[in-house]
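Participant: Encoded as structure tokens, here's the structure I'll be asking about.
Since every read-out is calculated from the coordinates, none of them should be taken as a lab result. On a predicted model such as this, the values are computed, not experimentally measured, just so you know. Note that we place each Cβ from the backbone using ideal geometry, even for glycine, and neighbour counts take in every protein chain shown.
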Amino acid sequence: MWRFLAGVGSALALVAAGLFLFRGDAATEKLPPPPAPHAAAQTAETEVPDPPAATARTREQKRFDRYDKDRDGRITRDEYLASRRKAYAKLDTNGDGRLSFDEWAVKTTTKFAAADKGRDGALDAAEFATTAVKRKPVKRAECPPPSLPADES
């Protein structure tokens with residue numbers, strides 16, 4: 001048993017040493033910029049000016065600014081609840097200030113009615129399959145085909 005533990009310990013020590021020695025801090029050399037095709041033909045008129053620098057605001061500062069409608073540096077209760085009031089108003093279709101179950105479940109009710117092709121008040125397996133959430137396909141970066149080395153004959 002002690003040999004097994006000694007072997008595991010030495011393997012872990014080798015892995016740790018490898019991580020510290022080969023961290024991937026390879027030196028990168030800077031390549032000179034490629035020469036312009038018509039360097040003599042470029043004038044001050046054709047140069048594109050640098051874009052203005054963006055302000056360094058954090059995500060939380062931007063979020064705070066979205067809520068602070070009157071820009072006084074404070075978020076009141078009304079400002080904080082404004083987005084919820086808008087969402088509630090969209091659901092309260094008859095505008096009576098009360099949210100009935102039918103108003104609350106209107107999206108689901110509409111989805112059920114659209115899927116119920118037979119209009120019998122029930123979904124069979126084929127109808128139910130149409131209610132599945134449609135997900136967007138994941139975009140994957142395509143790698144270019146590997147370039148073959150030129151023949152040096």
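Participant: First measure r as the distance between the Cβ atoms of Arg57 and Ala125, then evaluate 1/(1 + (r/R0)^6) with R0 = 41 Å and state the FRET efficiency to the nearest 0.05.
Facilitator: About 0.20, to the nearest 0.05.
Participant: To continue, here is another question. Pop a pseudo-label 7 angstrom from the Cα along the beta-carbon direction at both Arg3 and Ala105 and give the gap in nm to one decimal.
Facilitator: Here the modelled spin labels are 6.9 nm apart.
Participant: Given Lys69/Lys134; Lys90/Lys134; Lys107/Lys136; Lys62/Lys139; Lys90/Lys136; Lys111/Lys139, which pairs have Cα atoms separated by over 30 Å?
Facilitator: Exceeds cut-off: Lys69/Lys134.
Participant: Hey, rough spin-label estimate for Arg71 and Lys139, points 7 angstrom out along Cα→Cβ, what's it come to in nanometres?
Facilitator: 3.3 nm
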